[in-house]
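The values are calculated or read from the model by the stated rules, or taken from the named source; none is laboratory data. Computed from a predicted model, the values in this text were never measured in an experiment. Glycine gets a Cβ as well: all are built from the backbone with ideal geometry, and neighbour counts include every protein chain shown. Just the protein is used for accessible areas: all its heavy atoms, side chains included, with ligands, DNA and RNA removed. Shrake-Rupley method; radii C 1.70, N 1.55, O 1.52, S 1.80 Å.
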Amino acid sequence: MMSAESFIQAKSALAVKALYGVDVPESSLQVGVTRKEFEGDYTLVTFPLLKISHAAPDATGNAIGAWLLENVPEIASFNSVKGFLNLSFSSVYWNDVLGAIASDDSFGQLPATGRRVMVEFSSPNTNKPLHLGHIRNNLLGDSVSRLLKACGNEVIKSTIVNDRGVHICKSMLAWEKFFQGKTPSNTGIKGDHLVGDCYVAFDKLYKEQVKELMAGGMSEEEAKKNAPSLREAHEMLLKWEQEDPQVRELWKMMNGWVYEGFDETYAALGITFDQVDHESETYLLGKELVQKGLESGVFEKEADGSVWCDLTADGLDRKLVLRGDGTSVYITQDLGTAERRFSTYNLNSHVYVVGNEQDYHFQVLKLILKKLGFEWADRIYHLSYGMVELPNGKMKSREGTVVDADDLIEKMYQEARRTSEESGKLEDLSEAEKEKLCRQIGLGALKYFIIKVDPKKTMLFNPEESIDFNGNTGPFIQYTHARICSILRKAGVPFGPADVAPDTEPSAKEIRLVQLLSLYPLKVAEAGAALSPAVVANYCYELAKEFNQYYHDTPILKEADDRLLRYRLELIAVIARTLRSAMGILGITLPERM
């Protein structure tokens, strides 16, 4: 279906040819939605045409407008204001648009691009359970993946599990010291939570040791470096890299507990991956690149054996890429993983969904890859997002003050159940139906509340606000969809795209709804270009809000004119389908009954 902008461009080009005898490229004509303070649907900017018309702005606009009004039946009226030609479409045009949308089950899905994009998200550490920060990462990564697919790309959803490193060894060491013999099965504690408890216990021990060393006269900086527990953790990491059997066995056991816990959380969030990598399997790839970088002069080795990349000439710092004891750092495995992914999957681009505290890391990663000679380094994109904050401040994993993902998901369910019961939305449902519906509402509320915020912004999360059945929330849109489904069930008459007759006279509110529907592909494209599912989320809200205003003013099922009734049923059926499609990009299910 041709967009309204393209339609006006094409017809305006014909007008210019007819009036002035000049061929102008359709794409060169500037067309946009008419500003709210003016009458019209779309506006043609006539300033660039003055050199062709050799007339004043209003005279040029009036001439083109008059020609369009006489020769294009889809144009109902026009007005020219200081170089801007505001055009209003006739009902014929909007009926054609609605008919085309109604006949296209894939409306909103953009044409295939032939591009292959990998989106990496989640990428958790195996020393703690997923928390609220991870939830924003996962929901953003999943919705961006769905969005890029809707934009016609082949998308590979990937994650790399950070399953090795000194932070992992800290939990392992604490288990040996304080949790010996305890397992998820004999404690009843979810595996990732048990390992997280170990991590918190290590931090408590570490802080006590730092305090003791400082009391003995050591500076804080030296105490933090020389705390016995931290030294032990580094020794354990070295043993791990040397494949010490005892250390490796403990590592496999504890990581196994965490993986089982992660899988439960991912399932509750509706998150899946096409490709799962593990740092333990990729860090050696990075070490190989470090060796090649040393040979080519990109890296330099210090006297203590550590390897660095000097980026000072590029306005950055020197970057450690390998420790003196031979153990790798985060960027080591990132280098190797990136090289393997581009060579294996022939990617057109790679999107990393990672918080904005890692902006510098990705700036360095891209620069080092370019220095190593990889032309695809410029096709790496860091989708940097803001942190999630709570009314009482930031979260700290080491201190055990995070909002646990599992607890939050359960809280959202309980809040959805309470709110739904109070509003009477669970009447006449079986217990199983209530459970399913409240899970959908709770999860929809969580996802929408987080995704509707532009990724770059820091957000304040409030579970109670997200469950509201009014306002810009997931439950409001879910209830709107259920309301439409209820109307369609009660109607009891057949209807379809053929019921959008060209001679139907839609009301101003119905035209407004068709206008909003026609914008859906443009919103998908806009969101995809910005990697911001928030654009789609807020479009859903605008469409749902507009429908509810229409529903309030228009008693659809009381319409006596059978042709108009069928037209309206088809209109709202298309609205419901569009909401399902758009909210599906966000990973949100819309119930048919609420």
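Would you mind checking 128/157; 190/436; 366/452; 128/411; 128/252 for any pair whose Cα atoms are more than 18 angstrom apart? From the list (128/157; 190/436; 366/452; 128/411; 128/252), the Cα-Cα distance tops 18 Å for 128/157; 190/436; 366/452; 128/411. In percent, rounded to a whole number, the relative contact order of the chain is 15, using alpha-carbon pairs under 8 Å and six or more apart.
Can you list the lysines whose alpha carbon is less than 24 Å from that of residue 51, not counting same-chain residues fewer than 8 positions off? The qualifying lysines are 11, 17, 82.
Using a 1.4 Å probe over the heavy atoms of the protein chains, calculate the carbon and sulfur portion of the accessible area of the chain as a whole percent. Using a 1.4 Å probe with all protein chains present, the chain comes out at 50 percent carbon and sulfur. Karplus-derived 3J(HN,Hα) values for the range 479-491, using 6.51 cos²θ - 1.76 cosθ + 1.60 with θ = phi - 60°, are 5, 4, 4, 4, 5, 5, 4, 5, 4, 5, 5, 6, 4 Hz; glycine and proline are entered as x. Using only Cα atoms, tell me the angle between helix 191-215 and the longest principal axis of the chain; keep it within 0 to 90° and round to the nearest 10. Once rounded, one gets 60 degrees. Between 0 and 90 degrees, the angle of helix 562-585 with respect to the longest Cα principal axis of the chain falls at about 20 degrees. Working note: 222 nm ellipticity from helices only, DSSP H runs with n ≥ 4, each -39,500 (n - 2.57), summed and divided by the residues of the chain, gives -18000 deg cm²/dmol to the nearest 500. Summing Cβ point charges (Lys, Arg +1; Asp, Glu -1) relative to the Cα centre of the range 1-74 gives a dipole of roughly 180 debye. Annotation: lysines with alpha-carbon distance below 16 angstrom to residue 301 (same-chain offsets under eight excluded): 287, 292, 319. Across the range 33-187, Cα-Cα pairs farther apart than 21 Å form 70% of the total.
If you place +1 on the Cβ of every Lys and Arg, -1 on the Cβ of every Asp and Glu, and leave all else neutral, what size is the dipole of the chain about its Cα centre, to the nearest 20 Debye?
Numbers: 67 positive and 84 negative charges, 55 e Å.
For this selection, approximately 260 debye.
Backbone amide hydrogens, once placed in the peptide plane, bring residue 81 within less than 5 Å of 86, excluding anything fewer than 5 places away on its chain. Quick one: Debye curve from the alpha-carbon atoms of the range 484-542 only, equal weights, vacuum; give me log10 I(q)/I(0) at q = 0.23, 0.29 Å⁻¹ to two decimals. Values returned for q = 0.23, 0.29 Å⁻¹ are -1.01, -1.13. For the pair the range 313-379 and the range 23-61, the centres of their Cα atoms are 47 angstrom apart.
Give the peptides 422-434, 195-207, 439-451 in descending order of average Cβ contacts within 10 Å, highest first.
Numbers: 422-434: 11.7, 195-207: 21.0, 439-451: 25.2.
Result, highest mean Cβ count within 10 Å first: 439-451, 195-207, 422-434.
In this calculation the C-beta distance from residue 301 to residue 275 is compared with R0 = 35 Å, giving a FRET efficiency of 0.55.
Quick check: convex hull over the Cα atoms of the range 116-210, volume per residue in Å³, rounded to an integer? Can you show the working numbers first?
Working: hull volume 11.2 nm³, N = 95.
Taking only Cα atoms, the range 116-210 has a hull volume of 118 Å³ per residue.
Note that the chain, at 4 °C in a medium of 1.567 mPa s, gets a Stokes-Einstein diffusion coefficient of 47 µm²/s from its Kirkwood radius over C-alpha pairs. Per residue, the range 1-81 exposes 53 Å² of solvent-accessible protein surface, assessed with a 1.4 angstrom probe and all protein chains in place.
Restricting attention to the chain, close to 50% of DSSP beta bridges with both partner residues there are antiparallel. With the charge dipole of the chain set up from +1 on Lys and Arg Cβ and -1 on Asp and Glu Cβ about the Cα centre, the Cα lying farthest toward the positive end among the listed residues 527, 293, 45 is that of 45.
Extension gain, residue 248 to residue 154: 0.36 nm times the residue separation minus the Cα-Cα distance gives 30.1 nm.
Rounded to the nearest whole Å³, what is the per residue volume of the convex hull around the Cα atoms of the range 303-439?
Numbers: hull volume 29.8 nm³, N = 137.
Cα convex hull per residue, to the nearest whole number: 218 Å³.
For residue 211, the aspartates and glutamates whose Cα comes closer than 18 Å to its Cα, not counting residues fewer than 8 places off in the same chain, are 203, 220, 221, 222, 232, 399. Between residue 70 and residue 100, the simple spin-label model (points 7 angstrom out along Cα→Cβ) gives 2.6 nm. Note on the range 108-266: the alpha carbon radius of gyration divided by the globular reference 2.2 N^0.38 Å gives 1.32.
Counting only heavy atoms of the protein chains, get the accessible area per residue of the range 253-402 (1.4 Å probe) and round it to a whole Å² value.
Details: 7100 Å² over 150 residues.
On a per-residue basis, the range 253-402 sits at 47 Å².
The mean accessible area for residues of the range 499-564, using a 1.4 Å probe and ignoring ligands and nucleic acids, is 44 Å² per residue. Computed from Cα positions, the angle between helix 166-178 and the longest principal axis of the chain comes to roughly 60 degrees.
In order along the range 29-41, phi translates into HN-Hα couplings of 7, 8, 10, x, 5, 5, 4, 4, 7, 10, 7, x, 9 Hz, rounded to whole numbers, per the Karplus curve 6.51 cos²θ - 1.76 cosθ + 1.60 with θ = phi - 60° and x for Gly and Pro.
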